[in-house]
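The structure appears right after this line, and notes come after that.
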Amino acid sequence: MIVQACINGARPSGFHPRLPLTAEAIAYDGASCVTAGAAELHIQ
């Protein structure tokens, strides 16, 4: 089984206040997902 984390998708900034849109926020959330067990990250 492969766990894939889809970090942000094609969502606008108003979708959710915690939606990662900057490179720093995407990197932080991606690292958190890998720590939690994700084997792949899907970044858009």
*Consider Pro12 against the criteria (1) assigned to a loop (DSSP other than H, G, I, E, B); (2) surrounded by 10 or more Cβ atoms within 10 Å (Cβ to Cβ): it satisfies all of them except one. Which criterion is unmet?*
(2)
_Between a residue in the range 18-44 that is free of Cβ contacts under 8 Å to residues at least 60 places away in the same chain and any residue that is part of a helix (DSSP H, G or I) and crowded, with 16+ Cβ neighbours inside 10 Å, which pairs come within a Cβ distance under 7 Å, given they are 6 or more apart or on different chains?_
Pro20/Ile26; Pro20/Asp29; Leu41/Gly30; Leu41/Cys33; Ile43/Ile26
*Determine which single condition Ala5 fails, assuming it passes every other condition in (1) surrounded by fewer than 11 Cβ atoms within 10 Å (Cβ to Cβ); (2) not in a loop (DSSP other than H, G, I, E, B).*
(1)
_Filter the range 15-34 down to the residues that are assigned to a loop (DSSP other than H, G, I, E, B) and exposed (fewer than 14 other Cβ atoms within 10 Å of the Cβ) and list them by number._
Phe15, His16, Pro17, Arg18, Leu21, Thr22
*Could you run through the range 35-44 and say how many residues are at pLDDT 95 or above, surrounded by 11 or more Cβ atoms within 10 Å (Cβ to Cβ) and assigned to a loop (DSSP other than H, G, I, E, B)?*
2
_I'd like to verify a number: residues in the range 3-34 that are at pLDDT 95 or above and more than 12 Å from the chain's Cα centre (by Cα), how many?_
1
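The values are calculated or read from the model by the stated rules, or taken from the named source; none is laboratory data. Please read all numbers here as calculations on a predicted model, not as lab measurements. Note that each Cβ is placed from the backbone with ideal geometry, even for glycine, and that neighbours are counted across all protein chains shown.
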